[in-house]
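Engineer: Structure below; questions to follow.
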Amino acid sequence: MSRFLSSRLSRLGTYVPGEQPQDRQYIKLNTNESPYPPAPLTEEKVREALWQLHLYPDPDCRALTKALAEYNAVLPEQILCANGSDDILSYIFLAFGDAKRGFSFPDITYGFYQVYGDFYSVPYRKIPLREDFSLAPEDYFALDSGIILANPNAQTGLALELKQIAAIAEKNPDQLVVVDEAYVDFGGESAAALLPEYDNILVVRTFSKSRSLAGGRLGYAIAGKELIVDLNTVKYSINPYNVNRMTQAAGIAALQEDGYYVDCCKRIMSTRESTKKALQALGMEVTDSKANFLLAHHASIEGEALYRSLKERGILVRHFKDQRIRDWIRISIGTEKQMARLVAEIGAILE
Ligand code: PMP
């Protein structure tokens, strides 16, 4: 760090994204991307957008917002687009958090919640998941802070039912309940259905996983109009042009070719289930994931050792150092062929 860095920042930990080594070609199963490329129309629309790169993009993303509103059966005023859902999460901490208004979230979940809490000096409380990694809604009843839940949850893949989210919103009428649905299209239920009943729910979505657009950076919020106005206060104080022209075009194209992505999700879910069975046949414990990844471990090998052996064999998976999951690895779901290779390599390592 330089001698100019603020003392506040020098004390902070940052989010560590999954590695992207360049030393060789890996089968990349470490950042929950889709193994399938965007649908054909995307290229055409992005190409068209290229010719207008001398002009700023629409700061309100009107065409994309309208398409998203139709897709989710809400009003355009209930949608806000941003540069990935990380951007939306950042706005949430800025708009709704302060020294007195913090957030609660599970001890095992998406690491960025904690990073934003530290970065924006918003206090947070980690509520431990149960022994089996399940989340008990009653642990979130009558809290004195906002709540952030990834559903399905990051790292474990376990999903809450809508009635459980509704119960949490019901018991915390004066708190914001953020539902991060990065993985919802792989078997979860969207809390967007609860919005007419609960004005304290804010849903966060991304095109990074189920819409094959991780490289495009597109996320959005769905909520009541007032909450979207608040998020816009942040957006228009930081960077109104947060979604570039190519990404706005790619997002609209993705919504027009929804069937392609629904098919990709089905394939990924079916590959997830067959991979899960194959890993269980090798003696691994695997969570009941409703996401595009599996969390798995084997009693005979430490998580880090398994991660390293797989990397040596050309497969990248994710290992977390958090105490409760340090003996596990998180495996993104790739193509059938990639997963067959993963299972074969794990089998060889365990021998
Ligand atoms: N939420 C969760 C639970 C995630 O796992 C991720 C991906 N790392 C994100 C949000 C952020 O995704 P993006 O910024 O690509 O939309």
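Engineer: Just to be sure I understand the filter: pairs with C-beta atoms under 9 Å, separated by 6 or more residues or on different chains, first member in the stretch 201-212 and farther than 14 Å from Pro35 by Cα and among the aliphatic types (A, V, I, L, M), second member within 7 Å of the ligand (Cβ to nearest atom) and outside any strand (DSSP E or B). Which pairs pass?
Structural biologist: Val204/Ser85; Val204/Leu89; Val204/Ala182
Engineer: Could you go through the stretch 27-44 and let me know if any residue there is part of a loop (DSSP other than H, G, I, E, B), more than 28 Å from Tyr113 (Cα to Cα), touching a Leu at 6+ places or on another chain (Cβ under 6 Å) and touching a residue at least 40 places away in the same chain (Cβ under 8 Å).
Structural biologist: no
Engineer: Residue check, Tyr15 against (1) out of contact with any strand residue (DSSP E or B) (no Cβ under 9 Å at 6 or more places or on another chain); (2) surrounded by 13 or more Cβ atoms within 10 Å (Cβ to Cβ); (3) assigned by TED's automatic domain parsing to the domain that holds Ser210; (4) of a type outside the set (Asp, Glu), all met but one. Which one?
Structural biologist: Of the numbered conditions (1) out of contact with any strand residue (DSSP E or B) (no Cβ under 9 Å at 6 or more places or on another chain); (2) surrounded by 13 or more Cβ atoms within 10 Å (Cβ to Cβ); (3) assigned by TED's automatic domain parsing to the domain that holds Ser210; (4) of a type outside the set (Asp, Glu), the odd one out for Tyr15 is (3).
Engineer: Could I ask something else about it? Can you tell me which of (1) assigned to a helix (DSSP H, G or I); (2) open to solvent by less than 10 Å² (accessible area, probe 1.4 Å) is the one Ala296 doesn't meet?
Structural biologist: (1)
Engineer: Filter the stretch 51-101 down to the residues that are at positive phi and surrounded by 13 or more Cβ atoms within 10 Å (Cβ to Cβ), then identify the one that is nearest to the ligand (Cβ to nearest atom).
Structural biologist: Applying the filter and picking the extreme gives Gly84.
Engineer: Can you name the number of the only condition in (1) part of a strand (DSSP E or B); (2) more than 16 Å from the ligand (Cβ to nearest atom); (3) crowded, with 21+ Cβ neighbours inside 10 Å that Leu149 fails?
Structural biologist: Leu149 satisfies every listed condition except (2).
Engineer: Given the condition open to solvent by 10 Å² or more (accessible area, probe 1.4 Å), within 19 Å of Leu194 (Cβ to Cβ), touching a residue at least 60 places away in the same chain (Cβ under 8 Å) and of a type outside the set (Val, Ile, Thr), answer yes or no: does some residue in the stretch 165-178 qualify?
Structural biologist: Yes, some residue in the stretch 165-178 is open to solvent by 10 Å² or more (accessible area, probe 1.4 Å), within 19 Å of Leu194 (Cβ to Cβ), touching a residue at least 60 places away in the same chain (Cβ under 8 Å) and of a type outside the set (Val, Ile, Thr).
Engineer: Quick check on Glu336: is it touching a residue at least 24 places away in the same chain (Cβ under 8 Å) and either closer than 28 Å to Ser212 by Cα or surrounded by fewer than 20 Cβ atoms within 10 Å (Cβ to Cβ) (or both)?
Structural biologist: yes
The values are calculated or read from the model by the stated rules, or taken from the named source; none is laboratory data. The model shown is predicted, which means the values in this text are computed figures rather than measured ones. FYI the Cβ positions are ideal-geometry reconstructions off the backbone, even for glycines, and counts take in every protein chain you see. Side chains included, ligands, DNA and RNA excluded: accessible areas come from the protein's heavy atoms. Shrake-Rupley method; radii C 1.70, N 1.55, O 1.52, S 1.80 Å.
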